[in-house]
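The structure appears below as structure tokens.
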């Protein structure tokens, strides 16, 4: 049986390694993109991932277009970012994701993954996971 695939958009190497290890321990084959351009190229040449973890901003700019594409594809998404807006969007590309602040504990990130894949249709746009949990 093929492993589930997780697309990880992260430009900080140590965070990418830690999150990739967590994804692998949860049964995902991580595909890491360090830029929006890398993520776009990956999405153009691969089937939709089973889940995506994205930072709001990468080295080449904001990930709005990638987040919108993932949302249109119905991919459960976790927004793992240091940019935790106090007024998170109710509409738009990041509205359906589970938000978790960096830095976060492994348990909190694992819970965000579980929430994203278990019931994406029931998640409200303002869902958050406590990063210290």
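The values are calculated or read from the model by the stated rules, or taken from the named source; none is laboratory data. Here the structure is a predicted model, which is why all the values come from computation and not from measurement. Virtual Cβ from ideal backbone geometry, glycine too; neighbours counted across all protein chains shown.
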inquiry  = So, in the stretch 30-64, exactly how many residues are touching a helix residue (DSSP H, G or I) at 6+ places or on another chain (Cβ under 8 Å) and surrounded by fewer than 20 Cβ atoms within 10 Å (Cβ to Cβ)?
reply    = 8
message = Of the conditions (1) touching a strand residue (DSSP E or B) at 6+ places or on another chain (Cβ under 6 Å); (2) within 19 Å of residue 12 (Cβ to Cβ); (3) surrounded by 16 or more Cβ atoms within 10 Å (Cβ to Cβ); (4) at pLDDT below 85, residue 84 satisfies every one except a single condition; which number is it?
response = (3)
message = Here is a check on your reading of the model: is residue 100 at pLDDT 95 or above and either out of contact with any helix residue (DSSP H, G or I) (no Cβ under 8 Å at 6 or more places or on another chain) or crowded, with 16+ Cβ neighbours inside 10 Å (or both)?
response = no
task = Give 31, 39 a once-over and let me know the one that is in contact (Cβ under 8 Å) with a residue 12 or more places away in the chain, part of a helix (DSSP H, G or I) and within 9 Å of residue 7 (Cβ to Cβ).
result = 39
task = Check whether at least one residue in the stretch 104-113 is surrounded by 15 or more Cβ atoms within 10 Å (Cβ to Cβ), at pLDDT 70 or above, under 12 Å from the mean Cα position of the chain (by Cα) and in a loop (DSSP other than H, G, I, E, B), and report yes or no.
result = no
